[in-house]
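The values are calculated or read from the model by the stated rules, or taken from the named source; none is laboratory data. Keep in mind the model is a prediction, meaning the values are calculated, not measured. We place every Cβ from the backbone using ideal geometry, glycine too, and count neighbours over all the protein chains shown.
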Amino acid sequence: MTQLQFNNNLLGLQSKLRYYALSLTADNEKANDLLQETLLKALMHRETFSVNTNFNAWIYTIMKNTFINDYRRKVKAKKTFDSADWNSGTDWMKNTISHSPDSIYRSKEIIDKIKGLDDEYRIPFTMFLDGFKYKEIADELNLPLGTVKSRIFFTRKKLEKILQEYSFN
């Protein structure tokens, strides 16, 4: 199958894939994101497609697996946030029981401190907080695995110093 044929087949399935994505996610924006990610993965892994196989089934399998992997990542991240200390994520701030003006203000201050970090440290750190694995972050940012681990480590240490006034114990 030539690249032109591959692209035409992929574009021809786009509307059907969108309906399938919508049936999986039940949300327009999430369906669009899933569709876009599926198309990107199909284009990136075009060489793995075997000519004598069902193209439609191959694409639908990519979409289904992408949806399942994203779902598992979110469930795992939620479990991690639920049982871990403050270093594991900022979602705990949104779900705290106490919504006093003071706690809301402090939560905003902490989030602002994280947002104020340099991109080279903030991006890997927030991806880690969102449940991505080190390897996934390294692949996404096109960085060596050791660099990702050290940036997350140093970001934690820096935040510990910056946020000493907030006691989480």
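Would a scan of segment 76-91 turn up a residue that is surrounded by 15 or more Cβ atoms within 10 Å (Cβ to Cβ), out of contact with any helix residue (DSSP H, G or I) (no Cβ under 7 Å at 6 or more places or on another chain) and modelled with pLDDT of 90 or more? No: zero hits.
Cβ separations smaller than 8 Å between residues 6+ apart or across chains give the following pairs from segment 122-140 residues that are farther than 21 Å from Leu159 by Cα to residues that are in a helix (DSSP H, G or I): Lys135/Leu145; Glu136/Met127; Ala138/Leu145; Ala138/Thr147; Ala138/Val148; Glu140/Met127. Looking across segment 121-146 at every residue that is assigned to a helix (DSSP H, G or I) and among the basic types (Lys, Arg), the one that is nearest to Lys76 (Cα to Cα) is identified as Lys135. The number of residues in segment 30-57 being without any contact (Cβ under 8 Å) to a residue 24 or more places away in the chain and farther than 23 Å from Glu136 by Cα comes to 5. Scanning segment 58-77 for residues being without any contact (Cβ under 8 Å) to a residue 24 or more places away in the chain and either over 22 Å from Asp130 (Cα atoms) or of a type in the set (Val, Ile, Thr) (or both) gives a total of 4. Checking each residue in segment 1-25 for being in contact with a helix residue (DSSP H, G or I) (Cβ under 7 Å, 6 or more places away or on another chain), part of a helix (DSSP H, G or I) and not polar (S, T, N, Q) picks out Phe6, Leu10, Leu17, Arg18, Tyr20, Ala21, Leu22, Leu24. Checked against (1) under 23 Å from Leu40 (Cα atoms); (2) modelled with pLDDT of 85 or more; (3) among the acidic types (Asp, Glu), Asp118 meets all criteria but (1). Restricting segment 26-74 to residues that are under 19 Å from Asn7 (Cα atoms) and assigned to a loop (DSSP other than H, G, I, E, B), the residue that is farthest from the chain's Cα centre (by Cα) is Asn52.
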